[in-house]
Amino acid sequence: MPQPARIAIDLGAESCRVSILRWHGDGPREAEIPSIEIVHRIPNGPVHRGKAMHWPLDAIQTGIEEGLRKAEALAPEGIASIAVDSWSVDYVRMAPDGQPLKQPHCYRDERTEKVKRATDNIIAPQELYARTGVLPHRINTIYQLLADPASGINGDAPWAMLPEYILHWLGGRRVAEHTNATHTGLVNLATGDWDAGLFELLGLNLQAAPPIVAAGTVLGKLKGPLASLDAFRDTQLIAAACHDTASAIAGIPSSLDSTLYICSGTWSLVGTVIAEPITSAAAFDARYTNLGAAGGGFCFHSLVNGMWLLKQCMECWATEGRTWEIDDLIAQAAQSGFPGVIDVDAEPLLLDSDMPERINHQLWRRRWATIPDIAGNEPVFARVIFESLADRYAFALSSLEKLLGRRLDRIHILGGASRNKLLTELTEKRTHRQVEIGHPESSTIGNFAIQLAASEAGGAPITAESIRRWSALLSPAEARQ
């Protein structure tokens with residue numbers, strides 16, 4: 001009988017996936033060959049309820065349960081562990097029985113705009129950055145928590161970040177895994193724990209926050225109806241790197257020395273892994289943030305808008321009957337001209353709806369020609385988006401090299417947009433760096449690698465080296481260069 005299987009649940013802003021890792025071969029365990037299969041996909045996206053934006057948590061949970069049942073049916077050898085990763089900053093407020101008080105808000109909801117401005121008057125953004133290492137974006141958890149009372153949500157109710165809530169729902173303890181906790185903007189750099197003074201200063205209830213644990217912490221066994229199924233009778237719940245970007249970076253099988261990573265999807269995260277945080281004024285001005293990395297160190301990167309821009313355009317066009325397949329749109333964009341580049345991080349472009357109009361406004365602000373939003377011009381909009389993203393990546397690389405005082409020789413692109421050949425080529429052209437393509441499901445590989453490293457460690461802290469070794473074993477041969 002091969003060694004037990006494992007399950008990774010990856011929650012994405014556009015789709016959620018349940019994947020299974022199984023081992024094949026008749027020889028000794030060290031000779032078994034791993035295979036990873038996506039067994040279930042769950043469509044996802046924020047839901048508008050009046051003026052508010054929420055995540056459909058009920059639908060996500062129903063889809064996860066369906067995926068887990070499919071995975072169990074494939075694994076007569078049993079399932080050793082389950083781990084969850086997700087986008088960051090969003091959370092679930094919980095009633096005393098552990099059920100959600102409400103469907104969780106989406107980070108793009110505009111309720112944090114006023115709160116962010118008010119908070120800046122209490123503690124300057126630069127001071128907050130020096131204290132937490134996190135760039136104070138209005139989407140951060142800190143501002144969402146502060147906005148809850150005005151949204152009719154009990155500010156004293158306990159909460160858990162979204163992936164940790166799923167682990168709690170499956171039977172685990174309520175915790176905040178470190179890579180995900182750092183995204184809240186409430187973790188003190190010096191202690192690695194919640195900043196109690198910051199909670200007090202802002203009037204947040206520290207008792208509502210879950211305890212912080214390291215990536216790779218075992219939270220207990222799966223409970224509930226699923227635990228009665230044969231393959232789930234001895235399944236552990238593991239807090240891997242609950243932040244999907246930290247999982248994706250953990251899934252890179254090659255060395256990250258002198259490497260810029262670009263996690264390119266709905267958002268783009270552009271940076272590298274460093275041993276110690278950088279919180280200088282120059283880092284703040286360049287919009288770099290310090291977030292926990294699996295196995296130690298920090299993911300030091302800049303948050304850049306991403307394929308959200310194109311997705312919003314395509315949704316707008318579809319309402320007028322102008323539907324496109326993404327591959328066709330990219331192919332035609334490669335043959336298209338474009339009027340100029342825009343600032344992809346302009347605040348209006350972070351919001352939803354009317355994206356072609358928003359892009360034209362940004363072109364106008366830079367005195368470029370605007371694009372008539374008519375049938376046939378969709379590839380021109382796409383080309384502007386791709387050129388602007390590549391331009392922003394080049395700026396991020398230049399800024400990062402100045403902050404580090406050294407050159408980064410190559411770029412590793414991972415995530416769904418790594419399959420966008422045009423964006424890859426434009427990035428290579430504008431940065432003058434060799435670009436290598438990572439696995440589009442790198443977060444899944446990293447999730448599994450951390451589970452395996454945690455089981456191997458037997459309760460001891462996991463290391464970046466052990467994670468990388470498992471990632472190399474799980475990655476396709478072409479990604480191990």
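The values are calculated or read from the model by the stated rules, or taken from the named source; none is laboratory data. Treat the numbers as computed from the prediction; the structure is a model and nothing was measured. As a convention, Cβ positions derive from the backbone with ideal geometry for all residues, glycine included, and neighbour counts pool all protein chains shown. The area values use the complete protein model at the heavy-atom level, side chains included, leaving out ligands, DNA and RNA. Shrake-Rupley method; radii C 1.70, N 1.55, O 1.52, S 1.80 Å.
Couple of notes before you dig in:
- Over the stretch 70-125, the ratio between the Cα radius of gyration and 2.2 N^0.38 Å evaluates to 1.87.
- In this rough spin-label picture, where each label sits 7 Å from Cα along the Cβ direction, the I123-E110 distance is 2.8 nm.
- The listed residues M355, M307, once ranked by accessible area (1.4 Å probe) with the largest placed first, stand as M307, M355.
- For the chain, the residue among S475, H40, L198 whose Cα projects farthest onto the positive side of the dipole built from Cβ charges is L198.
- Cross-link table K102/K221; K114/K221; K114/K402; K311/K429, entries beyond 32 Å C-alpha to C-alpha: K114/K221; K114/K402
- Full-stretch length increase - R322, R410 - with 0.36 nm per residue and alpha-carbon distance subtracted: 27.9 nm
- Within straight-line cross-link reach of K70, aspartates and glutamates at Cα separation under 13 Å, skipping those fewer than 8 residues along the same chain: E37, D230
- The residue among I252, L186, L170 whose Cα reaches farthest toward the positive pole of the charge dipole of the stretch 170-262, with charges on the beta-carbon of Lys, Arg, Asp and Glu, is L170.
- Taking the Kirkwood radius as Rh and the Cα radius of gyration as Rg, the stretch 391-481 has a ratio of Rg/Rh equal to 1.06.
- Sorting W368, W159 by accessible area puts them as W368, W159; the probe is 1.4 Å, largest comes first, and only protein heavy atoms count.
- Beta-bridge orientation, the chain: approximately 70 percent antiparallel, per DSSP, counting only bridges with both partners inside.
- If you plug the beta carbon distance of Q61 and E315 into 1/(1 + (r/R0)^6) with R0 = 25 Å, you get a FRET efficiency near 0.50.
- Mean separation of Cα contacts under 8 Å, 6 or more apart, over the residue count of the stretch 241-297: relative contact order %: 36 percent
- Other residues lying with their Cβ under 10 Å from the Cβ of A241 contribute a combined charge of -3, Lys and Arg counting +1, Asp and Glu -1.
- Of M355, L408, W317, farthest towards positive along the dipole that unit charges on Lys, Arg, Asp, Glu beta carbons give the chain: L408
- Values of log10 I(q)/I(0), in the order q = 0.16, 0.19, 0.25, 0.26 Å⁻¹, for the stretch 358-442 under a Debye, Cα-only, solvent-free model: -0.74, -0.93, -1.18, -1.21
- Partner aspartates and glutamates for K116 [C-alpha distance under 15 Å; skip if fewer than 8 residues away on the same chain]: E127, D148, E347
- For the chain, the membrane-span-like helix rule (DSSP H, alpha carbon extent of at least 20 Å along the helix axis, mean Kyte-Doolittle at least 0.0) picks out 378-404, 442-457; this says nothing about an actual membrane.
- Solvent-accessible ranking of I212, I467, largest area first, probe 1.4 Å: I212, I467
- Using a probe radius of 1.4 angstrom, the carbon and sulfur fraction of the accessible surface of the chain is 52%.
- Compactness relative to 2.2 N^0.38 Å, alpha carbon Rg of the stretch 222-379: 1.39
- Each Cα pair under 8 Å and six or more residues apart adds its separation to the average, and for the chain the resulting relative contact order is 15 percent.
- The heavy atoms of E436 offer some 40 square angstrom of accessible surface to a 1.4 angstrom probe.
- K70 accessible area, assembled protein chains, probe 1.4 Å, Å²: 80 Å²
- In this structure the stretch 346-481 gives 46 Å² per residue of accessible area when probed at 1.4 Å with all protein chains present.
- Volume per residue of the C-alpha convex hull in the stretch 148-208, rounded to whole Å³: 97 Å³
- Global geometry of the chain, whether rounded, prolate or oblate, following the gyration tensor of its Cα atoms and the 1.5 cut on a/c: rounded
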